[in-house]
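First the structure, in the form of structure tokens, and then the observations on it.
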Amino acid sequence: MPFNTALTRKLGIRVPVVQGGMQWVGYAEMAAAVSNAGGLGIITALTQPSPDALRAEIRKCRALTSFPFGVNLTLLPAMVPPDYPAYARVVLEEGIRIVETAGNSPGPIIKQLKAADPPCVILHKCTTIRHAMSAVKLGVDFLSIDGFECAGHVGETDITNFILLSRARQVMTVPFIASGGFADGQGLAAALSLGAEGINMGTRFMATVEAPIHQKIKQAIVDADETDTELVLRRWKNTSRLFKNKVSQEAVKIERESTTGKFEEVGGLVSGKRGRQVFLNGDKDFGVWTAGQVIGLIHDIPTCEDLLNRIEKEAIDTISTASNLIVDEQPPADIRGKKAGEQGPTDAGPNVTKSPWNSKL
């Protein structure tokens, strides 16, 4: 029973679930597995060391799936920025027409992607309504509304998805998807009820058979609770939600206690190179790595196919159950016990009667 949302119609996918672009995770095998399972797989462009390497990865993914997939381009501050236009040019030359963008000043890249024939479908990630409305002016097709629960860059406003999605529903003029805190069909059903056209999942896809990370890290996600994340780099207004381990906790301690406020004091601890090694060597405490609060909802390591089939069924069952709450006539109350005026004396005194709310059931 396929879904019919603006996202599924536009992208040609069966289940309205997008695999978020994840650094060191969004390789061809991951993206192809999600797309083959009915969602939208995403290759992370900057996981590749060069535009030519991205070209090879796109071709590899195309050999693994005949279904739609996209590419993530995240624009972040750097001493030596990547050649974003070159990466975008490869995306276009390889015929990719679905791109997830995120980060700072995406205008030039979005303009480049939209100038293609046919133009790209752009899904742009935002953590605030203000940024979302700016992205609308740039011509994006979908907004990926990223709540404070999410992994990685959470923004600085700390607005959780229940409010953020409702605000998006009130003011957005383009369709949006929900990102941050989603792992199951109940979450998908909730997002659809709040006005979203689908969901974006990152951490949940890390704990799948096909995710290209060490089994011990997948198990660490399964074993974790929703409290096992850490907010790092808040002092420098570059807040990231990371898995709570020895390194992230040390970074937070320095951040809070430093008298100089120099980023260099934590720079070595939050190095992306150390984080990448975590996924290769399986040592969860070797470096920092992103994880959302949704880790508390993850209890197994299924294949992408099993996961999306489960999410699809759970969402349909949840929506069906919710629709059954609407009835033609209000049923009688099922509180047992006599009405207050019919109660006899109580232990509190001969003239005191029990409230039906306090009577034994």
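Every number here is computed from the coordinates shown, using simple stated rules; none is lab data. Remember, predicted model here, so these are calculated numbers, not experimental data. FYI the Cβ positions are ideal-geometry reconstructions off the backbone, even for glycines, and counts take in every protein chain you see.
May I ask you to list the chymotrypsin sites (Phe, Trp or Tyr not before Pro) in the range 234-320 that are in a DSSP loop and have at most 16 other Cβ atoms within 10 Å of their Cβ?
F263
Hey, in the GNM for the chain with a 10 angstrom Cα cutoff, which one of T203, T227, T127 fluctuates hardest?
Result for the chain, Cα springs under 10 Å: T227 fluctuates most.
Calculate how many DSSP beta bridges within the chain are antiparallel, expressed in % of all such bridges and rounded to the nearest 5.
Close to 25 percent.
Distance cut-off 32 Å, Cα to Cα: go down the list K114/K262; K10/K237; K262/K284 and report the pairs above it.
Pairs exceeding the cut-off: K114/K262; K10/K237.
Mind grabbing the base-10 log of I(q)/I(0) for the range 229-281 at q = 0.23 Å⁻¹? Debye formula, identical points on the C-alpha positions, no solvent, two decimal places.
For the range 229-281 at q = 0.23 Å⁻¹, log10 I(q)/I(0) is -0.86.
Which Rg and Dmax, in Å, describe the Cα atoms of the range 103-172?
Reported Rg and Dmax, both Å: 12.6, 39.
Between rounded, prolate and oblate, where does the range 185-255 land on the alpha carbon gyration tensor, with a ≥ b ≥ c its root eigenvalues, rounded for a/c under 1.5, else prolate if a/b exceeds b/c?
Judged from the Cα gyration tensor, the range 185-255 comes out oblate (a/c at least 1.5, b/c at or above a/b).
With the contact rule set at Cα under 8 Å and sequence spacing of 6 or more, what percent relative contact order holds for the chain?
15 percent
Mean Kyte-Doolittle of at least -0.5 plus a Cα span of 24 Å or more along the axis: flag which DSSP H helices in the chain meet both, please.
The answer, listed by residue number, is 304-323.
Listed here are the pairs K137/K253; K216/K253; K60/K216; which of them are more than 31 Å apart at the Cα?
Exceeds cut-off: K137/K253.
How about the range 238-338: which GluC sites (Glu not before Pro) there lie in a loop by DSSP and see at most 15 other Cβ atoms within 10 Å?
Those that pass, being in a loop and sparsely packed, are E329.
Tell me which label goes with the value of Kirkwood radius over Cα pairs in Å computed from the coordinates here: (1) 22.0; (2) 24.8; (3) 21.4.
(1)
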